[in-house]
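The values are calculated or read from the model by the stated rules, or taken from the named source; none is laboratory data. Fair warning: this is a prediction, and the values are worked out from it, not measured in the lab. Positions of Cβ are generated from backbone atoms using ideal geometry, with glycine treated the same way; all protein chains shown enter the neighbour counts. Surface areas here come from the heavy atoms of the whole protein model, side chains and all, with no ligands, DNA or RNA. Shrake-Rupley method; radii C 1.70, N 1.55, O 1.52, S 1.80 Å.
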Amino acid sequence: MKKLYPVVLLLVAQSAFSQSQVCPLNSNWTLGNLTHWAAYTGNNAGGNGPSAIRMTYDSTTGPPSGTIGVGAIQEYNLGSVNGIQVISLSSIDQFGGFSTIPRINGYQYTNSIKLGSTSITRSSGGGVAGGYVRGVSYLINVPPGPTTVPYTMTYAYAMVLENGTHNSNDQPLFSATLTAGDSVVNCASPRYFLPTFNNAQNTDTGATLDSALAKSEGFIHSILESPNSDPNGGPGAPHLPDVWYKSWTEVTFDLSPYRGTQVTLTFETDNCVPGGHFAYSYIALRNTCGGLQLSGDSSACIGATLTYSVPGLGGATYQWSVPGDWSVVSGTDSSVLKVTIGNDAGAVTVHEQNSCANLQASMNVKAVPPTIAGAVNGGSEVCTGVNSVTLTTTGNLGSVIAWLATASGVTTQLADTTSFYTARNLTATTFYQALIQNGQSCAIDTTSGSTVLVDPLSVGGALNPTTLQFCAGQNKDALLQLSGNTGNPVNWQSSTDGGATWTGFVPPDTASEYSLVGLNSSTDYRVIVQSGVCPADTSATAAVTFINVPFPQANYAPADTLVCYNTPAFLKADIIIGTNYAWNNTGTLTGEGNDIVTGLPFAITPVATPRITTDYVLSVENAGCPNLLVDTFHVRVLPPVIVNAGNDTSVVVGEPLQLNATSNDTTSPAGDSFTWTPIIGLNNPDIYDPVAVFSAETDSVRYFVTAITQYGCTGTGEVLVKVFKTGPDIFVPNAFTPGGGSNNLFRPIPVGISSLSFFRVYNRWGQLVYETTRIGDGWDGRVDGKVQESGTYVWMVEGTTYTGKRVYHKGTMVLVR
């Protein structure tokens, strides 16, 4: 970077001169209205300039002809639409998405003004020629003083313009004009419009937009279409995507050469000269006039990329200086400088100059290390309700800018900037973190977190059943269960004096259920329940009444048994104590007895014949004891074993036939065992897939194959094998009757044939009506679902014998209906 001369800051101590550096009253519309500003609206049918002004509003009077206290002025001859409007509450522009009151590199403007609207005029069809024109101006009394001391006015502007495809001088525009007396200060009076190549037709339309130049000047094409239809398209014309915008840009100018005189600042926004394309702009002014203002962070984070800027000058040159080990990213020749911060502190200085101004500014900057987030300590466990936990940050470099609390998946930012945060009266488990930042230019980082576990209040719940009778010697079916509790059981307690004295179990019992055994007197029970660190609570009481009558007793076997389908299960029970008994599912029991115990011990040997898995429940009662002894016999019934031995088939003498049996059994991991009978021609009758070879003495054999599962369950299948004495061949019937009870498929009968090459059927016209290569398939007398007529059909068939020899036949058959 070029070495620069030191920046000289001129300070004037006199109070009077200090006062003279104050900006003009309401120059930035802080009053919320146009007071002290003159205004005008008009129509530019005769071109832009003084001739376009039709209606003026004086700055020294109120409405309707003045601006004092006025917040908005309508478009010329369009009373329903504001053409000039003061904005005190920021919103978002619909086309550009920028704020209507800007914040630029740390400086927040307080108010702005909108000049223009999306309204248009059209001269076609007898309409009004020329577009809307609107402007505001301020007569500035430049305070006296040395011309070497800057007196600056700084404004920011943003605009939305529609491309009219006109020559550039007729395009919609925004302008800022500074006049001293009758002269325009050109270097402080820019005009902004969408540039074209000035190649419009005679109708002043059709000029090509110079989009590259427009983009270089900061214009961006909006994603929204114009709210107005194409003015050159006639009725029903489309809405064009021809809207461009330029977001906020700052401009400054120096009025020190005009000390003690008057100058006029004017802002104006004009539609295109034909009138069919709109324009509007936003203008905001700073409330600082005492020289060039350098914006940026005075505390710079080491390693960060930051921006420093000054309001721009039209046609200016810029010279920047930064501390020695900083790196310039971009902007050495512009009003916006982007730099990467090094370790050195120092000053950022800028010198900007054009034919109107020669301004300098400086800012002392210190370098600070990046943020280190650190951690949050202090997590603990508390009881819901009244509680208090203090959390602290540790190991962080930077300050707390906020705390984060996450509970039930929802994170809330807490406006606490201290390094100690006290959480009070929590009702849900919460995870805490802190946001740490070491100065505004450093990145914000989040600490590791700490959890405050919040326990719900202990609720003892209830014991079920609340009352229970217990017979002498009872050893089952006396169970107390805890429910409705919040927290975990700490111990069970019992009382034999009606709840006056309670004794805890030793060792403590922390289960949620308790089986009663060995009881010999009436006893009450309850459970101590505690939720985390909350105070314990006690469950409701269960009262157990002791009945001094023996509990029924019986021995039974087997408790569980497995039987094959359609096979009986033999059950046995010996009643030791009891007076009567009962069974369920008696419809599939025999020998179950008549429910009366005639002597002790009393033996019962029923036989169960269920078709599906069934539970048989034996209930034994002993008179005087209200509790039944209930025992269950679980009989699991395996599904029937279904064996498939294959389809009936035909072979020739000497042809090996591969048999193959399968079963539906899934209970045998290693598979079932199989036995074939008779053993005629079989190479092994004790496997599932034997091979059979037949001699001329055998005409046919019907084989039966039995599958045996690992549980001894059996199933049987069968297959018929016909043995032909001829050689391998294919036999075809000479007639068939579709839809009949038999002979209803026309198919070949292969004997000694291992594969079928084809079987084809043709009608009398030589058309193919059926074809297959699958042995066993045949024709049903239909084509595409349509029944074919009776008559003679031609067939041909070809197959391969088990020895590999080709067999071919053809012939005719008669279809009979």
Entirely in the stretch 318-381, the strands (runs of 3 or more DSSP E) that have 1 or more residues that are farther than 30 Å from Thr422 by Cβ and either open to solvent by 60 Å² or more (accessible area, probe 1.4 Å) or at pLDDT below 95 (or both): 327-330, 336-340, 346-353, 358-368
Matching entry among Ser512, Ser494 (being over 38 Å from the mean Cα position of the chain (by Cα), touching a residue at least 12 places away in the same chain (Cβ under 8 Å), closer than 16 Å to Ala536 by Cα and open to solvent by 20 Å² or more (accessible area, probe 1.4 Å)): Ser512
Filter result for the condition that a residue is crowded, with 21+ Cβ neighbours inside 10 Å and within 30 Å of Arg526 (Cβ to Cβ), over Ser441, Ser483, Ser458: Ser458
Count of residues meeting criterion [farther than 23 Å from Ala156 by Cβ and either open to solvent by 40 Å² or more (accessible area, probe 1.4 Å) or in contact (Cβ under 8 Å) with a residue 60 or more places away in the chain (or both)] in the stretch 235-247: 7
Close pairs (7 angstrom Cβ cut-off, 6 or more residues apart or separate chains): within 22 Å of Gln353 (Cα to Cα) and touching a residue at least 24 places away in the same chain (Cβ under 8 Å) in the stretch 133-148, buried (at least 19 other Cβ atoms within 10 Å of the Cβ) and of a type in the set (A, V, I, L, M, F, W, C) anywhere: Val142/Leu255; Val142/Val263
Residue in the stretch 603-621 that is open to solvent by 50 Å² or more (accessible area, probe 1.4 Å), touching a His at 6+ places or on another chain (Cβ under 6 Å), acidic (Asp, Glu) and in contact (Cβ under 8 Å) with a residue 12 or more places away in the chain present: yes
Selection from the stretch 182-212 of residues that are without any contact (Cβ under 8 Å) to a residue 60 or more places away in the chain, of a type in the set (A, V, I, L, M) and closer than 17 Å to Thr249 by Cβ: Leu194
Answer residue from the stretch 57-81, given it is in contact with a Gly (Cβ under 9 Å, 6 or more places away or on another chain) and open to solvent by 60 Å² or more (accessible area, probe 1.4 Å) and is nearest to Thr110 (Cα to Cα) among those: Ile68
Pairs where the first residue, in the stretch 36-63, is charged (D, E, K, R) and the second is exposed (fewer than 13 other Cβ atoms within 10 Å of the Cβ), C-beta under 9 Å, 6+ apart: Asp58/Ser65
Inter-residue pairs, beta-carbon under 7 Å, first closer than 14 Å to Gln481 by Cα and open to solvent by 40 Å² or more (accessible area, probe 1.4 Å) and in the stretch 536-547, second among the small types (Gly, Ala, Ser) and in a strand (DSSP E or B), 6+ apart: Ala540/Ala462
Qualifying residue in the stretch 97-106 (condition: outside any strand (DSSP E or B) and at pLDDT below 95): yes
Only one of Ala279, Ala300 that is in contact with a strand residue (DSSP E or B) (Cβ under 8 Å, 6 or more places away or on another chain), more than 19 Å from Gly439 (Cα to Cα), surrounded by 16 or more Cβ atoms within 10 Å (Cβ to Cβ) and not acidic (Asp, Glu): Ala279
Checklist (1) free of Cβ contacts under 8 Å to residues at least 12 places away in the same chain; (2) open to solvent by 10 Å² or more (accessible area, probe 1.4 Å); (3) more than 29 Å from Leu224 (Cβ to Cβ) applied to Ile92, failing item: (3)
Residue in the stretch 646-670 that is most open to solvent (accessible area, probe 1.4 Å), counting only those that are under 19 Å from Tyr565 (Cβ atoms) and not in a strand (DSSP E or B): Thr666
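Pick from the stretch 750-766 the residues that are outside any strand (DSSP E or B) and either open to solvent by less than 20 Å² (accessible area, probe 1.4 Å) or at pLDDT 95 or above (or both): which of them is nearest to Phe731 (Cα to Cα)?
Step by step, filter the stretch 750-766, then rank; the result is Gly752.
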Total residues in the stretch 589-602, condition outside any loop (DSSP other than H, G, I, E, B) and open to solvent by 50 Å² or more (accessible area, probe 1.4 Å): 2
Total residues in the stretch 95-130, condition of a type in the set (D, E, K, R), surrounded by fewer than 19 Cβ atoms within 10 Å (Cβ to Cβ) and over 40 Å from the mean Cα position of the chain (by Cα): 1
Residues (open to solvent by less than 70 Å² (accessible area, probe 1.4 Å) and at negative phi) located in the stretch 200-212: Ala200, Thr205, Ala207, Thr208, Leu209, Asp210, Ser211
Among (1) out of contact with any helix residue (DSSP H, G or I) (no Cβ under 6 Å at 6 or more places or on another chain); (2) open to solvent by 40 Å² or more (accessible area, probe 1.4 Å), the one test that Cys625 misses: (2)
Candidates Tyr808, Tyr802, filtered to the one that is over 58 Å from the mean Cα position of the chain (by Cα) and within 14 Å of Val732 (Cβ to Cβ): Tyr808
Single residue of Val86, Val160, Val133 found to be at pLDDT 95 or above, in contact with a helix residue (DSSP H, G or I) (Cβ under 6 Å, 6 or more places away or on another chain) and buried (at least 18 other Cβ atoms within 10 Å of the Cβ): Val133
Residue list for the stretch 388-411, restricted to those being in contact with a Lys or Arg (Cβ under 9 Å, 6 or more places away or on another chain) and open to solvent by less than 20 Å² (accessible area, probe 1.4 Å): Val389
Cross-chain or 6+ apart pairs with Cβ under 7 Å, the stretch 779-794 first and over 16 Å from Gly739 (Cα atoms) and open to solvent by less than 40 Å² (accessible area, probe 1.4 Å), then in a loop (DSSP other than H, G, I, E, B) and of a type outside the set (Ser, Thr, Tyr): Tyr793/Asn763
Residue match in the stretch 297-304 (condition: in a loop (DSSP other than H, G, I, E, B), within 43 Å of the chain's Cα centre (by Cα), among the charged types (D, E, K, R) and over 30 Å from Gln530 (Cα atoms)): yes
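Starting from residues that are part of a loop (DSSP other than H, G, I, E, B) and over 33 Å from the mean Cα position of the chain (by Cα), keep the ones in the stretch 418-438 and report whichever is surrounded by the most Cβ atoms within 10 Å (Cβ to Cβ).
Asn438
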